[in-house]
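Comments concern the structure below.
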Amino acid sequence: MSLPQGWATVLSCLGLGLFLGYAHPSLTSPALRSVLIGSAILGTAYSAPPIRLKRQPLLASMCIMSVRGGLINWAFFQHAATTAFGAVTAPAAAGAGALLGTLTGGLCMMAEAELRVRCIGASIFFTL
């Protein structure tokens, strides 16, 4: 696949994802649409030039934690509570998002540390 074909594939998938998120308003909510747009923006900043947050380990992990730990958990809690109860209070959504964001952040840091240990171990093994 050439570079222009790759860009065309990625942009068409982005457009299709945004279209599907807005195509059936009865199946979505403002919270789910916000996570769709927020994830698209942060995902673009993570991997597309000129920003490419994935080149900087700290910025990359913060980007991943903000999407997985904060944005997704907050939006799904907000959507579920709104669907089940009709309304949700802001402190409850913020509390649930903060708790799940903290737990996800810890998991991301442990996974990052494990990955680095494996890479260091593999480099030591191959140099011997």
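What to note about this one:
- Tail beyond 16 Å, pair distance distribution of the stretch 12-85 (Cα, percent): 54 percent
- Taking 7 Å steps out from each Cα toward its Cβ at Thr28 and Ala48 produces label points 1.7 nm apart.
Each value in this text was obtained by applying a stated rule to the coordinates, not by laboratory testing. Just so you know, these numbers come straight off a predicted model, no measurement behind them. Reconstructed Cβ throughout: ideal geometry from the backbone, glycine too, with neighbour counts over all protein chains shown.
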